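Reviewing the structure listed below.
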Amino acid sequence: MLRIGCHLSSSGGFLAMAETAESIGASTFQFFTRNPRGGAAKEWKKDDVQAMLEYFEQTGIGMPLAHAPYTLNACAKDENIRKFALETMEDDLKRLEMIPGAMYNFHPGSHVGQGAEKGIELIADTLNRVLQEDMHTTVLLETMAGKGSEVGRRFEELRAVIDRVELSGRLGVCLDTCHVWDGGYDIVEDLDGVLEEFDNVLGLDRLKAVHLNDSMNQLGSHKDRHQKIGMGCIGAEAFQKIVTCPELRELPFYLETPNELEGYQAEIALLKRMYEEETA
Ligand code: FE
Ligand code: FE
Ligand code: ZN
């Protein structure tokens with residue numbers, strides 16, 4: 001079965017997200033741990049989280065993917081910005097212990113002129129401070145488009161971060177289809193080659209989740225503008241291969257396309273049809 005969901009607003013709480021997921025045919029979902037632009041998180045109510053976990057048991061909806069605010073920059077030049085990233089990640093990971101087995105995705109960061117090498121070092125420092133041996137959350141580094149000075153455009157950069165982290169067993173990777181495409185990996189003409197490269201550099205066992213987004217821009221554009229599935233430069237055919245290929249099909253997929261709930265519902269139905277057609 002295809003495990004697929006989309007990004008949902010957390011403003012109504014946890015149970016509400018799970019119910020929304022169910023209502024649009026999703027079997028998992030992603031949410032921001034707090035305002036995506038950063039700042040203080042609302043309290044996570046124990047009862048609400050508990051009700052969500054029970055709802056998961058009843059419906060088979062799978063563990064959600066928590067997304068850190070995308071403005072976090074663990075490798076900023078400014079020490080205060082780095083400190084904010086560190087404290088936010090610490091707080092998020094502490095909260096996520098309420099949802100044991102959840103995954104936590106973050107954008108590695110932008111080195112803002114310090115160079116990728118320095119950026120990698122600073123990201124690893126942050127991870128070395130926030131990861132704990134006894135935590136129940138897997139932390140995912142997201143593959144990035146390489147916009148500006150983003151770290152994580154090349155698989156090698158993620159590898160270099162992982163290599164510097166002591167508790168690297170707690171780390172995984174989330175592959176964003178729009179980002180890798182914009183980053184220069186041709187998942188349209190050579191999906192197998194890209195996955196082989198991923199396997200050689202990072203190991204496919206590190207791959208824990210996929211962000212499914214079409215792209216408004218061409219291969220290697222380094223832009224990071226998401227498009228609806230089948231309406232961008234990646235195209236529907238490539239997505240059918242992505243959700244059905246043996247290396248990816250068991251992973252959870254999360255849509256972050258420019259859509260309201262109705263649009264997500266339609267995309268989920270489309271991708272399920274593609275999956276069934278191919279695997280029947
Ligand atoms: Fe992201
Ligand atoms: Fe993403
Ligand atoms: Zn993006």
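The values are calculated or read from the model by the stated rules, or taken from the named source; none is laboratory data. Predicted model only: the values in this text are computed from it and were never measured. Every residue, glycine among them, receives a Cβ derived from its backbone with ideal geometry; neighbour counts consider all protein chains shown. When the accessible area is computed, the model is the full protein with side chains, heavy atoms only, and any ligands, DNA or RNA have been set aside. Shrake-Rupley method; radii C 1.70, N 1.55, O 1.52, S 1.80 Å.
Summary table below
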quantity	calculated
Rounded if a/c under 1.5, otherwise prolate or oblate - segment 201-280, Cα gyration tensor axes	oblate
For the chain: relative contact order, % (alpha-carbon pairs under 8 angstrom, 6 or more apart)	17 percent
log10 of Debye I(q)/I(0), alpha-carbon scatterers only, for the chain at 0.09, 0.13, 0.17 Å⁻¹	-0.39, -0.85, -1.49
Surface per residue (accessible, 1.4 Å probe) for the chain, Å²	44 Å²
Check: the chain dipole with +1 on Lys, Arg Cβ and -1 on Asp, Glu Cβ, in debye	740 debye
Helix-only mean residue ellipticity at 222 nm for the chain, each DSSP H run of n ≥ 4 adding -39500 (n - 2.57), per residue, nearest 500	-12500 deg cm²/dmol
Pair residue 46, residue 164: separation of 7 Å Cα→Cβ label points (nm)	3.9 nm
Residue 29 long-range amide H proximity, modeled H, under 5 Å	65
Percent accessible area from carbon and sulfur atoms, segment 122-181, protein chains only, probe 1.4 Å	37 percent
Solvent-accessible surface ranking, highest first, for 11, 110 at 1.4 angstrom	11, 110
Close Lys-Lys pairs in the chain, where close means Cα under 25 Å and separation is 8 or more or interchain	24
Rounded FRET efficiency, nearest 0.05, which uses the C-beta distance separating residue 245 from residue 136 and R0 of 45 Å	0.95
Segment 9-99: trypsin sites (Lys or Arg not before Pro) in DSSP coil with no more than 14 other Cβ atoms inside 10 Å	37, 42, 45
Per-residue HN-Hα couplings for segment 54-68 [Karplus 6.51, -1.76, 1.60; θ = phi - 60°; Hz; x = Gly/Pro]	5, 4, 4, 4, 6, 9, x, 5, x, 3, x, 9, 8, 10, 5
Where GluC sites (Glu not before Pro) fall in DSSP loop in segment 15-109, at most 14 other Cβ within 10 Å	43, 97
